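**Q** The structure that follows is given in the form of structure tokens.
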Amino acid sequence: MAKARLQKPYDVIIVPGYPSDSGKINNVLSERLRWAAYLYKNGYTKNIIFSGAAVYTPYKEAVVLKLYAQQLGLPETILFTETKAEHTTENLYYSCLMAQELGFKKIGFASQTAHTSFMKAFPKRYGLTCDMLPAILDSVNTIPHQFTTVNAQEAFVPDFVSIEKRQSKIQRLRGTRGHKVKKEIRKRKRAQRKSKNKSN
């Protein structure tokens, strides 16, 4: 956070999702949302990307986060949702791509301290520029909150199948370690080379 204080304001921060059941809040979601609100209200960021598909429950994590964020007084115009990611490494990768497409240059990843610590090495590994903004509980607790259950119908995925039924434990572990992201990067590089060769 010492670096973040010097770098602020960020064009956008990425906030990773967490499973939600029928739009009900839980402690992990509450903490991430209040940290995002703190960062916005204290001039650390201009925009927020919430990231997360429907992974363990039939509700898109990013959309649920956005609905709750508005209860904290965050304007809808600065909130974006990325709904492909099923692992934290994918939260980072897909959201950074979205940020770049939106024209954002200074990017941060905001979550709990252990979470950001785990992710610290990944931006460099993926060739991305993204700073870590670990949650400070004293700051999180300055954000008043009285969350009420949201109408999560717009986040609901009708034909949902849990990742636990689609992937083995080993596959999920590989996803957590960035296996899918590595494949995506190789695929993008091949497409870029192909496009360059055609233009030549």
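The values are calculated or read from the model by the stated rules, or taken from the named source; none is laboratory data. Just so it is clear, the model here is predicted, and its values are computed rather than measured. Positions of Cβ are backbone-derived with ideal geometry, glycine not excepted, and every protein chain shown enters the neighbour counts.
**Q** Taking the residues in region 39-68 that are in a strand (DSSP E or B) and within 17 Å of residue 24 (Cα to Cα) as candidates, determine which candidate is modelled with the highest pLDDT.
**A** Across region 39-68, the extreme among qualifying residues is 50.
**Q** Scan region 38-52 for residues that are among the small types (Gly, Ala, Ser), surrounded by 23 or more Cβ atoms within 10 Å (Cβ to Cβ) and either free of Cβ contacts under 8 Å to residues at least 40 places away in the same chain or under 13 Å from residue 136 (Cβ atoms) (or both) and report the count.
**A** Summing the residues that are among the small types (Gly, Ala, Ser), surrounded by 23 or more Cβ atoms within 10 Å (Cβ to Cβ) and either free of Cβ contacts under 8 Å to residues at least 40 places away in the same chain or under 13 Å from residue 136 (Cβ atoms) (or both) in region 38-52 gives 1.
**Q** Here is a list: 161, 181, 150. Which entry is β-branched (Val, Ile, Thr), surrounded by 10 or more Cβ atoms within 10 Å (Cβ to Cβ), more than 20 Å from residue 112 (Cβ to Cβ) and modelled with pLDDT of 95 or more?
**A** Step by step, each of 161, 181, 150 is checked, and only 161 is β-branched (Val, Ile, Thr), surrounded by 10 or more Cβ atoms within 10 Å (Cβ to Cβ), more than 20 Å from residue 112 (Cβ to Cβ) and modelled with pLDDT of 95 or more.
**Q** To continue, here is another question. Checking the structure you have, find out if any residue of region 187-194 is of a type in the set (Gly, Ala, Ser), part of a helix (DSSP H, G or I) and farther than 23 Å from residue 32 by Cα.
**A** Yes, some residue in region 187-194 is of a type in the set (Gly, Ala, Ser), part of a helix (DSSP H, G or I) and farther than 23 Å from residue 32 by Cα.
**Q** So which residues in region 184-200 are modelled with pLDDT of 85 or more and over 21 Å from residue 92 (Cβ atoms), if there are any at all?
**A** 190
**Q** Might you let me know whether region 130-153 holds any residue that is touching a Pro at 6+ places or on another chain (Cβ under 7 Å) and farther than 15 Å from residue 91 by Cα?
**A** Among the residues of region 130-153, not one is touching a Pro at 6+ places or on another chain (Cβ under 7 Å) and farther than 15 Å from residue 91 by Cα, which makes the answer no.
**Q** Of everything in region 106-135 that's part of a loop (DSSP other than H, G, I, E, B) and in contact with a helix residue (DSSP H, G or I) (Cβ under 8 Å, 6 or more places away or on another chain), which residue is nearest to residue 79 (Cα to Cα)?
**A** 106
**Q** Find all pairs meeting these conditions: Cβ atoms under 6 angstrom apart; at least six residues apart or on different chains; first residue within region 124-143 and aliphatic (A, V, I, L, M); second residue in a strand (DSSP E or B).
**A** From region 124-143, the pairs are 132/109; 133/108; 133/110.
**Q** Just one of 84, 120, 106 is over 18 Å from residue 175 (Cα atoms) and either in contact with a strand residue (DSSP E or B) (Cβ under 7 Å, 6 or more places away or on another chain) or touching a residue at least 24 places away in the same chain (Cβ under 8 Å) (or both); which is it?
**A** Being over 18 Å from residue 175 (Cα atoms) and either in contact with a strand residue (DSSP E or B) (Cβ under 7 Å, 6 or more places away or on another chain) or touching a residue at least 24 places away in the same chain (Cβ under 8 Å) (or both) holds for just one of 84, 120, 106, which is 106.
**Q** What residue, among those in region 125-147 that are of a type in the set (D, E, K, R) and within 20 Å of the chain's Cα centre (by Cα), is surrounded by the most Cβ atoms within 10 Å (Cβ to Cβ)?
**A** The qualifying residue surrounded by the most Cβ atoms within 10 Å (Cβ to Cβ) is 131.
**Q** Does residue 89 count as part of a loop (DSSP other than H, G, I, E, B) and in contact with a helix residue (DSSP H, G or I) (Cβ under 9 Å, 6 or more places away or on another chain)?
**A** no
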